[in-house]
1. Quick check on GLY150: is it at pLDDT below 85, in the same structural domain as LYS240 (by TED's automatic domain parsing) and either in a loop (DSSP other than H, G, I, E, B) or buried (at least 21 other Cβ atoms within 10 Å of the Cβ) (or both)?
2. For the stretch 120-140, what are the residues that are part of a helix (DSSP H, G or I) and over 18 Å from PRO231 (Cα atoms)?
3. Say we look at the stretch 193-214 and pick out the residues that are charged (D, E, K, R) and either touching an Asp or Glu at 6+ places or on another chain (Cβ under 9 Å) or surrounded by 13 or more Cβ atoms within 10 Å (Cβ to Cβ) (or both); which of these is modelled with the lowest pLDDT?
4. Take the conditions aliphatic (A, V, I, L, M), modelled with pLDDT under 95, more than 30 Å from ALA246 (Cα to Cα) and in contact with a helix residue (DSSP H, G or I) (Cβ under 9 Å, 6 or more places away or on another chain) and apply them to VAL132. Does it pass?
5. Being at pLDDT 90 or above, small (Gly, Ala, Ser), more than 27 Å from the chain's Cα centre (by Cα) and on the phi > 0 side of the Ramachandran plot is true for just one of GLY31, GLY55, GLY38. Which residue is that?
6. State yes or no: is VAL232 of a type in the set (Val, Ile, Thr), within 25 Å of SER251 (Cα to Cα), outside any helix (DSSP H, G or I) and assigned by TED's automatic domain parsing to the domain that holds VAL247?
7. Please go through (1) surrounded by fewer than 19 Cβ atoms within 10 Å (Cβ to Cβ); (2) touching a Pro at 6+ places or on another chain (Cβ under 9 Å) for THR177 and return the number of the only condition it doesn't satisfy.
8. Just to be sure, is PHE163 modelled with pLDDT of 95 or more and more than 21 Å from ALA246 (Cα to Cα)?
Amino acid sequence: MRKHQRWHQAISECEQLGEAYVIATVIGTAGSIPRDIGSKMVITQQGCFDTLGGGHLEFKVIEHAQTMLKGTNALNEVQHFPLGAKLGQCCGGSVSILFEFFPVQAMQLTVFGAGHVANALMNILGGLPGKVHWVDSRAECFHADNAVAGNIEMHVLEHPQDFVADMPSNSQVLILTHNHQLDYELLELCLKRDDLAFIGCIGSQTKANRFNLRLKNKGFGEAQRNAWQCPVGDLNIPGKLPMQVAVSIASQIIKMNEKNVDLPREGVQWKELKQVMFEEQ
C-alpha cells in the first residue's frame, strides 16, 4: 500500500487485499486539540494512513490500534486521551477516539507452485478479494499477465519451504508444485504449524495415501493426517485440463471464504459514549 494514501483510499485497498485494519476517529474534543471531530486515520500491521495530528497522541493511537490488530474479535472501543504533559503535548485539551477494528474477512492464501494449473488459477484469484502469496523457485514460470493483479504477490525463493514460517496465521494453503518430494516437504512443514485454516494438495487419492503413510511413519497423529486434503478442489466440477482443475480449486476456495464473511461485531458500550458526551460539555 502507498504510504501517503488518504484514510478512505487505504480502506478500499485493505478490503481488496484482505488485510485487517483499524479506523481511528476523533469523536469528542475539549479545549485546544490538533484535529477536529470527524478526523480519521487507518492503521494496519504494516503502517498507518492519514493523520490525527502527529505527536505522542498519534503514537498512542497507533500503539492501541496495533494491539487490537493482534486479536480476532471485531471490536469497537472508545479511548480518552488528555493532551497534557503525560502525552508530551502542549495543546492542553483532550480527545476521545473511536477505534473500529475490521479483522481479515477475505481469503489469506498461499499457493506453492507456478505450473500450468497455478497460472490458470491466478487468472481467477486475481479478481477476488483477499491476499495471495504465490511461491516458486522458478522465476520464468510466473506468467507476466498474472503480475497485474494487485492482490497477488510473487515470491521467487530457491527453497520455497522457507516461506512456510512466514505465512500469516489462519492462512489457507495450496500445494501445487511440479515435484512430489517438494509437495511432501511443504505438507510436513504446514502440518507442524497447527494454525492454518486449510491445506490442500494437488494429486490423486493414491498420492494422498502414500503421503499419509509417510506422515504416520514420521510420527504424525491421525488428527494431523486428516488435516489436509488431496485431491484438492470441488469434486462436482470435472475435467483434467489446467483451467478445469483451476476452476475446481477456485470453487472450493470461494465456498470456504464465503462462510467467513459475516463475523459478529461487538459495539461500543453505552457507558463509554456517556463518558464522551459528558466530557464534551
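The values are calculated or read from the model by the stated rules, or taken from the named source; none is laboratory data. No experiment lies behind these values; they were computed from the predicted model shown. Counting neighbours? That spans all protein chains shown, and the Cβs are built from the backbone with ideal geometry, glycine included.
1. Numbers: at pLDDT below 85: yes; in the same structural domain as LYS240 (by TED's automatic domain parsing): yes; either in a loop (DSSP other than H, G, I, E, B) or buried (at least 21 other Cβ atoms within 10 Å of the Cβ) (or both): yes.
Yes.
2. As a first pass, look at the stretch 120-140 and keep what is part of a helix (DSSP H, G or I): 120-125, 139-140.
Within the stretch 120-140, MET122, ASN123, ILE124, LEU125, ALA139, GLU140 meet the criteria.
3. In the first step, residues of the stretch 193-214 are kept if they are charged (D, E, K, R); the result is 193-195, 207, 210, 214.
In the following step, the residues that additionally are either touching an Asp or Glu at 6+ places or on another chain (Cβ under 9 Å) or surrounded by 13 or more Cβ atoms within 10 Å (Cβ to Cβ) (or both) were identified as 193, 207, 210, 214.
Numbers: ARG193: 93, LYS207: 98, ARG210: 98, ARG214: 98.
Step by step, filter the stretch 193-214, then rank; the result is ARG193.
4. Numbers: aliphatic (A, V, I, L, M): yes; modelled with pLDDT under 95: yes; more than 30 Å from ALA246 (Cα to Cα): no; in contact with a helix residue (DSSP H, G or I) (Cβ under 9 Å, 6 or more places away or on another chain): yes.
Here the answer is no, as VAL132 does not meet what is asked.
5. That would be GLY38, the only listed residue that is at pLDDT 90 or above, small (Gly, Ala, Ser), more than 27 Å from the chain's Cα centre (by Cα) and on the phi > 0 side of the Ramachandran plot.
6. Against the criterion (of a type in the set (Val, Ile, Thr), within 25 Å of SER251 (Cα to Cα), outside any helix (DSSP H, G or I) and assigned by TED's automatic domain parsing to the domain that holds VAL247), VAL232 qualifies.
7. (1)
8. Values: modelled with pLDDT of 95 or more: yes; more than 21 Å from ALA246 (Cα to Cα): yes.
In short, yes.
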